[in-house]
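As structure tokens, the structure follows; a few thoughts come after it.
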Amino acid sequence: MKVMIVVTHLLGTGHLSRALTLARAFQTAGDTVQLVSGGFAAPQLNTSDITLVQLPPLRSDGVNFTQLLTPDGVAVDAQYHTARQAVLCNTLQAMQPDILITELYPFGRRSLRQEFLALLRMAQALPRPPKILASIRDILAPPSKPEKATKADAVIAEFYDGVLVHSDPKATRLEVSWPVSDMLASKLRYTGYVAPAAAGLHPQALGAGEVLVSAGGGSVGDEIYHCALQAARLMPDTPWRLLVGGNDAGDRIKALRQIPSPARIEAARSDFRQMLSHVAASVSMCGYNTALDLMQANTPAVLIPFDAGREVEQGLRASSLLPLHGFEMLRTADLTPERLVTAVNAAMVAPRRDASDLHFDGATRSVEIAHELVAGAAR
């Protein structure tokens, strides 16, 4: 079968990473996949084995997701949106997919609704319309107004055959963060977590005994890095390593290295997941992919949820993980070097957790659900 996955990441790279994992699962099942990406390139993510169609890229202005910027930092105008929509719809027309998956929309990316709606209308008008699925993580940004949920419901009811919820319902149900109507409930398909296979051990045991500090692939987390640099001075017998992401990582690393600290500072690494199996503790935000990496590796971890602006998603996720051994949480407002050291020490001495009863095969299950829908329609 032919599968088209559409994703636009605006700040970090978690949405793109999850979409790539889905794309590989479909390819493993023998499907032809095109991944259409509308965000900036993410060099730390391997896309070499995926057919990637790049829209004219854009990003958010920090946490202001209604203000979209071009690579030159200029506000996106109607012409830029039109160019993106043309590439998107032309790709659909040329591929004629059996399955169309939109990542996050219509539960988010409302600033891009026009290009998504154009895509959905064209898909429905194809001679053989595809099965249309939304792909969402375990926890969403709750709607700030009731009408946002109502509008999302209307789009789901009109266009979508199902909603893939990439969570294990034993741990987190969608109701935690989003109002689930009877109509929406009938469309939900829980897949388990979408995660690559566990990374396993690092061949050089890199990171052994270290406190590993990260903040995802976006240009965020400076308050965590600054605090970690000071905390490292309070734990002279434990090495600290900071991994800095984002398109401006070079400049940020240069600035961080001006701060006196024994911590090692370097760019985000592709072997990060393998390092987690060896480190003494992780200090990070609590995005979807990071949380799964920590659970799979059973890494002692201090979670500092991203809460700039009105962001609450990561705080909800972090709170849901606290009952598991070896997780500690600090709010950004409470972050001090002393509190960070206390939390790191608490995570390191906690019993090792076991997440083996949770399902991390969400990508495979997503493929099965999509195939079942197509097969059912063919009967």
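At-a-glance table
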| quantity | calculated |
| --- | --- |
| Qualifying residue in the stretch 27-37 (condition: within 18 Å of residue 73 (Cα to Cα), surrounded by fewer than 24 Cβ atoms within 10 Å (Cβ to Cβ) and without any contact (Cβ under 8 Å) to a residue 60 or more places away in the chain) | no |
| Failed criterion for residue 276 (all others in (1) over 30 Å from residue 162 (Cβ atoms); (2) more than 20 Å from the chain's Cα centre (by Cα) hold) | (2) |
| Unique residue being among the basic types (Lys, Arg) and either assigned to a helix (DSSP H, G or I) or buried (at least 16 other Cβ atoms within 10 Å of the Cβ) (or both) when the list is 273, 310 | 273 |
| Criterion violated by residue 215 - all others in (1) within 29 Å of residue 361 (Cα to Cα); (2) not polar (S, T, N, Q); (3) not assigned by TED's automatic domain parsing to the domain that holds residue 317 satisfied | (3) |
| Failed item in (1) at pLDDT 95 or above; (2) assigned to a helix (DSSP H, G or I), with residue 328 passing the rest | (2) |
| Any hit, the stretch 186-204, residues being of a type in the set (Val, Ile, Thr) and within 19 Å of residue 17 (Cβ to Cβ) | yes |
| Residue check, residue 187 under 27 Å from residue 372 (Cβ atoms) and surrounded by fewer than 14 Cβ atoms within 10 Å (Cβ to Cβ) | no |
| Filter result for the condition that a residue is assigned to a loop (DSSP other than H, G, I, E, B) and crowded, with 21+ Cβ neighbours inside 10 Å, over 323, 305 | 305 |
| Single residue of 273, 252, 317, 241 found to be assigned by TED's automatic domain parsing to the domain that holds residue 223, among the basic types (Lys, Arg) and over 26 Å from residue 21 (Cβ atoms) | 252 |
| All strands (runs of 3 or more DSSP E) inside the stretch 12-125 with 1 or more residues being at pLDDT below 95 and under 17 Å from the mean Cα position of the chain (by Cα) | 59-61, 64-69 |
| Test: residue 147 is closer than 30 Å to residue 296 by Cα, surrounded by fewer than 18 Cβ atoms within 10 Å (Cβ to Cβ) and charged (D, E, K, R) | no |
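The values are calculated or read from the model by the stated rules, or taken from the named source; none is laboratory data. As the structure is a computational prediction, the values presented were derived from the model and not from experiment. Using ideal geometry, Cβ is built from the backbone for each residue, glycine included, and neighbour counts are taken over all protein chains shown.
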